[in-house]
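The block underneath contains the structure these notes are about, expressed in structure tokens.
The values are calculated or read from the model by the stated rules, or taken from the named source; none is laboratory data. All of these numbers come straight from a predicted model, not from anything done at the bench. All Cβ positions, glycine included, derive from the backbone under ideal geometry; neighbour counts span all protein chains shown. Calculation scope for accessible area: heavy atoms of the full protein, side chains included, ligands and nucleic acids excluded. Shrake-Rupley method; radii C 1.70, N 1.55, O 1.52, S 1.80 Å.
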Amino acid sequence: MTVSRPIDAADALRITDRITQIRTTIPDSVRLIAVTKQVSIAAMRSAYAAGIRDFGESKVQEAATKQLALQDLTDITWHLIGHLQTNKAIKAVEQFDWIQSVDSLKLAQRLDALAEAQAKRPSVCLQVKILPDPNKYGFAIEELLKNLEFLDRCTHLHIAGLMVIPPYGLAPDQTRSAFEQARELAEKVRRQAGANLHLEELSMGMSDDYLLAIQAGATMVRLGRILFGDRQ
Ligand SMILES: *Cc1c(COP(=O)(O)O)cnc(C)c1O
């Protein structure tokens, strides 16, 4: 892994400038999560210096390395955004403030039990596949609706919202429509569900589509490449 690679002053400035510029395109009410998978510690420090306090990582182990290296920055909120294997769930509850990638009832129930044991109440998003996508994890819409009653009983989780990743390669109109369906789904669940399913957060929008996502009601955007450049 390249996380300890140093960056020069010009790179650091570029990251700071990009973040400042992108921030001007995002309303203050929308939370900007900097996605730092494969991004170096030095680049993360530049992002922090530019005001970023929310960091998103895909892998529990990579995040652990970074959390150790950045432990002097005590006000970071860490978001897990990648698929979580059940055997790493205990670490995820220990290490992350948010788990955005809760993609099955089984995982939700496992996290709920671990959160109770650790006397924690992590915030989570339910990852939903608005369109069928064999390459992605997540609840199908029907599956989510069928499981609401069981999810509502996971009271050691603060079930805060939905996380959505549209399938790769959609046209902008289709992407917009997928984001709008996600917002409608969250509203529908809010009307139907019990006390624990708040779903006021909509985590949607990445480098190529975050403006569409914001127009459709995103409350969190997860940006990687547009802030840090292309990953290897
Ligand atoms: C990598 C990743 C992102 C960021 O994607 P970019 O295209 O680099 O902005 C956002 N969300 C998830 C779940 C990711 O895995």
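Considering the conditions (1) more than 9 Å from the ligand (Cβ to nearest atom); (2) within 27 Å of R45 (Cα to Cα); (3) among the hydroxyl-bearing types (S, T, Y), S177 is excluded by exactly one of them, (2).
If the condition is being away from the ligand (no atom under 16 Å from the Cβ) and buried (at least 17 other Cβ atoms within 10 Å of the Cβ), then region 124-146 contributes I141, L144. Residue count for region 133-146, restricted to those that are assigned to a helix (DSSP H, G or I) and out of contact with any Ser or Thr (no Cβ under 9 Å at 6 or more places or on another chain): 5. Taking region 59-100 as the range and being basic (K, R) and either assigned to a strand (DSSP E or B) or open to solvent by 30 Å² or more (accessible area, probe 1.4 Å) (or both) as the test, the residues that pass are K59, K88, K91. Of everything in region 101-111 that is assigned to a helix (DSSP H, G or I) and in contact (Cβ under 8 Å) with a residue 40 or more places away in the chain, the residue that is surrounded by the most Cβ atoms within 10 Å (Cβ to Cβ) is L111.
Among the conditions (1) free of Cβ contacts under 8 Å to residues at least 60 places away in the same chain; (2) within 16 Å of the ligand (Cβ to nearest atom); (3) assigned to a helix (DSSP H, G or I), the only one that L114 does not satisfy is (2).
For region 152-185: of the residues being of a type in the set (A, V, I, L, M) and within 15 Å of F139 (Cα to Cα), which is most open to solvent (accessible area, probe 1.4 Å)? So that I can check it myself, show each step before the final result.
Residues of region 152-185 of a type in the set (A, V, I, L, M): 157, 159-160, 162-165, 170-171, 178, 182, 185.
From what is left, the residues that are within 15 Å of F139 (Cα to Cα) are 159, 162-165, 178, 182, 185.
Working: I159: 1, L162: 1, M163: 1, V164: 3, I165: 42, A178: 2, A182: 0, L185: 10 Å².
If we take residues in region 152-185 being of a type in the set (A, V, I, L, M) and within 15 Å of F139 (Cα to Cα), then I165 is most open to solvent (accessible area, probe 1.4 Å).
Give me the residue from region 32-58 that is of a type in the set (G, A, S) and part of a strand (DSSP E or B) and, out of that set, farthest from the ligand (Cβ to nearest atom). Result: A34.
When only residues in region 186-232 that are within 11 Å of L162 (Cα to Cα), assigned to a helix (DSSP H, G or I) and open to solvent by less than 10 Å² (accessible area, probe 1.4 Å) count, which is farthest from the ligand (Cβ to nearest atom)? Going through the qualifying residues, I end up with V189.
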